[in-house]
Each structure stands twice: as structure tokens, then as C-alpha cells.
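Below is one structure, written out as C-alpha cells; the observations come after it.
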Amino acid sequence: MSRAITFSEYGAPEVLRPAEVPLPEPGAGQVRIRVRAASVNPLDLKIRSGAMAGAFPVRFPMVPGLDAAGVVDAAGENAGAAVGDAVLGATVGGSYAAYALLQEPVAKPAALSWEVAASLVTVGRTAARVLGELGVRAGTTLLVHGAGGSVGVLAVQLAAARGLTVVATAGEHDLERVTALGATAVRYGDGWPQRVRDAAPRKVDYVLDASGAGVLADSVALTGDSARVVTIADMSAAEHGVRFSAGTTPAGQDGRGGRGGRAEDPLPELARTAAAGTLTLPVWRTYPLDEAAAAHADLEAHRNHGKTVLLP
């Protein structure tokens, strides 16, 4: 048996409770890890509350969590990692547990902390995927909404490193931090479109909305083309002719706007650059595994300024 957090009904953070669950066994292509860190993502909260029941139906009791980092203690056939390897990746069957399964383990650089390793998985792949979907190019201007959040933080850095001019909207308390990442930071709130126009040295070419704050109509107006706007957070996207981006990196896109056969996973490179200190992903707070409900409550109240991580 393995220690885990489960929930048996939709509801508030309090439905998350410690439990003993069967030790998961890795299948072909999978590894079982002794979890050292598990990331808490906003999607975890939506799944737990039932807000995503239509898109993500669950079988109770469920172990939540998408991402983890840890040490391999069992490996299936053709797993891509061996017992004793330090790895990170997306979990199969949940990550809020002492042991979890990874489908496509990625090697963890020694210099990368467990907390950042676990935190990079979903948000890193999402930021790289959306930049690929937009087809961003050096010399153009990208507007990032929600730049204080983890996807926004990474998108700003990835775009700036590729030679884009980045303008980013954020809350007052995040403006200095976003500026330090290489963007021209603009305050959220009434009047933001004009502040963006004033801040952008030329026309805005692309928009990534990671905020879900009702910015799509004005974003389309700024670019002049709804095809140049992508959201990961606003469910009204279709009303504005805007793409809602979800899931894994699309086949044929490598996260850099290039096209090929099978999508190249950006996670190994993200892990290497984070380990080298050239990519930053702030971790706001860590919690013991049994305090998962408190972690969800703090995230739901928007108290965090960076990633939230559980430590089994």
C-alpha cells in the first residue's frame, strides 16, 4: 500500500483526505517513482470542485495531481528510465502520493531542485505549446496576459530568449518581477489596452492569454486578427473566434513554431535551462502531502505568487 491524498466526491478543498491506496505497478513504457515533489496546478482545483466534470470525468476515489518528480523504484518494459534514476514528468493515476507512475519520464538534472522539477511539467509544456501554436517569430511583439502566473512567467522568458519584444499585463505586486524577466510590464485593470499601445514599440503581433480575465475582445482588436490570439484560461474563446489551447504539444509542432513529424517534447530542454539558471520558475510555498487541502485553499484564494508544491 502507498500513502496518498484522495477525494470521493466533488467539493471544497476539505474533500481531499489522506488515505492508503494500492501501490501502483508500472506497465510498458512506464516507471514507478518514489515521489519527492508533486506540483499543484489550477486544473487540480477545477477537477476537484467538479467544474471540469464534463471534460475530465473521474472515477472515485481519485488521487489528484498531474506532475511529479522523484526517483525510479520500478520500471516497465521499454520505460525510458531505470531504477535509481532521478526523473520528472506527467503522472498516470495522480501525483499526490508517496508513489506514482510516469508515462514518459524525463531525466532530472542534478542541479535542478525537486520542487522546480515537479513544477515545470505542465506549465512548461503549456507555455512552449502555445508559443508554437501562435507561430511566434523573432522581431515580432507578443502580449502575455497573466504574466505573474507560472505559464505567463515561462512564456515571457521563452519569448524574450527567442528575440521577441514582450509586453505583459500583471497585477501591481508582480510588475517588478515581470519586468526583471525581460518584458515591459503593464498594470491590469481598466485602460489596459491603451497602456499596452503606449508600451509596445510597434503593433502587437500575437497575444497569449493566461489570465482568463475577459481580455479577448480587446486582444483581437490589438492584433487585428483573432487567429493571432490564443487563450488557455477563457472558456468564452469561441465567441471571439479565438483558439482555446489545451492538452499536450500538438503533433507537428515543436514549441518553437517549427513543423515536423512527431512533436518534440520541450520538457528536457526546459529542465536543462532551469538547472543552468537561465530559466526561472518561482516556487511560492511547499506543503507536506497531508496538507493538500490547505494548499488548494491557498491557491483558490489567490494567495500564491509562484508555484505550490506538495512534499510526500
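Within the stretch 67-164, which GluC sites (Glu not before Pro) sit in a loop by DSSP and count at most 15 neighbouring Cβ atoms inside 10 Å?
Loop-located and lightly packed - E77.
What's the longest bit of the chain with no exposed trypsin sites (Lys or Arg not before Pro), using DSSP loop states and at most 11 other Cβ atoms within 10 Å as the test?
Of all site-free stretches, the longest is 60-201.
So what is the 222 nm mean residue ellipticity for the chain from helices alone, if each DSSP H run of at least 4 adds -39500 (n - 2.57) and you divide by all residues, rounding to the nearest 500 deg cm²/dmol?
Theoretical 222 nm ellipticity from helices: -8000 deg cm²/dmol.
What is the distance, in nm, between label points placed 7 Å from the Cα along the Cα-to-Cβ direction at E269 and at A28?
A separation of 3.1 nm, rounded to one decimal place.
What length, rounded to one decimal in nm, is gained on full extension from A221 through to A138, with 0.36 nm per residue of separation minus their alpha-carbon distance?
So the extension gain works out to 27.7 nm.
In what sequence, highest mean first, do 217-223, 88-94 appear when ranked by Cβ atoms within 10 angstrom?
88-94, 217-223
Order the peptides 208-214, 295-301, 11-17 from the highest to the lowest mean number of other Cβ atoms within 10 Å of their residues.
Details: 208-214: 21.9, 295-301: 18.4, 11-17: 15.4.
Ranked by mean Cβ neighbours within 10 Å, highest first: 208-214, 295-301, 11-17.
Report the gain in length on full extension from T286 to L311: 0.36 nm times residue separation, minus Cα-Cα distance, nm rounded to one decimal. Intermediate values should be presented prior to the final figure.
Working: separation 25, 0.36 × 25 = 9.00 nm, distance 0.67 nm.
8.3 nm is the gain from fully extending T286 to L311.
Cut-off 11 Å, label point 7 angstrom out along Cα-to-Cβ of R202: give me the residues of the stretch 145-175 whose amide nitrogen falls inside.
Only 165 pass the distance filter.
Give me the number: length gained by fully extending A82 to R59, i.e. 0.36 nm times residue separation minus the C-alpha to C-alpha distance, one decimal in nm.
Length gained between A82 and R59: 5.2 nm.
Please work out the FRET efficiency for the pair Q194 and A238, using the Cβ-Cβ distance as r and a Förster radius of 22 Å; give the result to the nearest 0.05.
For R0 = 22 Å, the calculated efficiency reads 0.25.
Read the figures in this text as sums done on the coordinates, not as results from a lab. The shown structure was predicted, so the numbers you read here are calculated from the model rather than taken from an experiment. All Cβ positions, even for glycine, are placed from backbone atoms using ideal geometry, and neighbour counts span all protein chains on display.
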